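Undergrad: Right, I'll just put the structure down here and ask away after.
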Amino acid sequence: MYKLFALLFSLACIICARSGTIAVAARPPLTFDHDVAPIVFQYCAECHRPGESTPFSLLTYKDVRTHARQIAAVTRSRYMPPWLPIRGPLPFAAEMRLSDAQIAVFQKWIDDGLLEGKPADLPSAPHFTPGWQLGPPDLVIQAQKPVPANRIGPRYVLELRFAGSR
């Protein structure tokens, strides 16, 4: 029985190879709503939103589609998301490093035509804490006049006077 099965299987493979019709399971195209948005909302939106230091928002399909090729390039080079710790034997809690599979999603989405998808597949938009993300700081120092933030130039000394010890 085994020999018969092996013979039939081999014969089917030869026929398919000669006709050039080897069946390959086709994957459905990737979409923003189902595949891309969950990654962007978890790893990018914390900084890429209105009011933060980044130059553009990534909260909507249109935002991400506009910057899709740039996102694919900076994630592939691991420039984004900025996660400086070197990979070690144990992961950090709340590690912000993308996996190779997550990085590949951006390029596959581009290759598939930047499809939006079904609104039902779109995860809820992320919610952010207003103000200081880690709670208010112990001390906020304000300069008497604006201080330029250039890399080369004079150093500034701030005189701090405290009423008591902390």
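Every number in this text was worked out from the coordinates using simple rules, so none of it is lab data. The structure displayed is predicted, hence computed values, not measured ones. Virtual Cβ from ideal backbone geometry, glycine too; neighbours counted across all protein chains shown.
Undergrad: Based on the mean of other beta carbon atoms within 10 Å per residue, what is the order of 78-85, 30-37, 140-147, most packed first?
TA: Put in order of decreasing packing, that is 30-37, 78-85, 140-147.
Undergrad: Now a separate question. If you take the charge dipole of the range 45-105 about its Cα centre, with +1 on Lys and Arg Cβ and -1 on Asp and Glu Cβ, which of Gln70, Met80, Met96 is farthest toward its positive end?
TA: Of the candidates, Gln70 comes out farthest on the positive side.
Undergrad: Report the local net charge at Val64: Lys and Arg +1, Asp and Glu -1, summed over other residues whose C-beta lies under 15 Å from its C-beta.
TA: Counting the neighbours of Val64, the net charge comes to -2.
Undergrad: To continue, here is another question. Kirkwood hydrodynamic radius of the range 22-91 from all distinct Cα pairs, in Å?
TA: Here the Kirkwood hydrodynamic radius works out to 14.0 Å.
Undergrad: Further, regarding this structure: Report P(r) for the range 88-144: all Cα-Cα distances, bin width 5 Å, range 0 to the bin holding the largest distance, values in whole percent.
TA: That works out to 4, 10, 10, 15, 15, 13, 14, 8, 6, 5, 1, in percent per bin.
Undergrad: So, by mean Cβ neighbours within 10 angstrom, what's the order for 120-128, 100-108 with the highest one leading?
TA: Highest mean packing first, the order is 100-108, 120-128.
Undergrad: How large is the Kirkwood hydrodynamic radius of the range 31-166, counting all unique pairs of alpha carbons, in Å?
TA: It works out to 18.1 Å.
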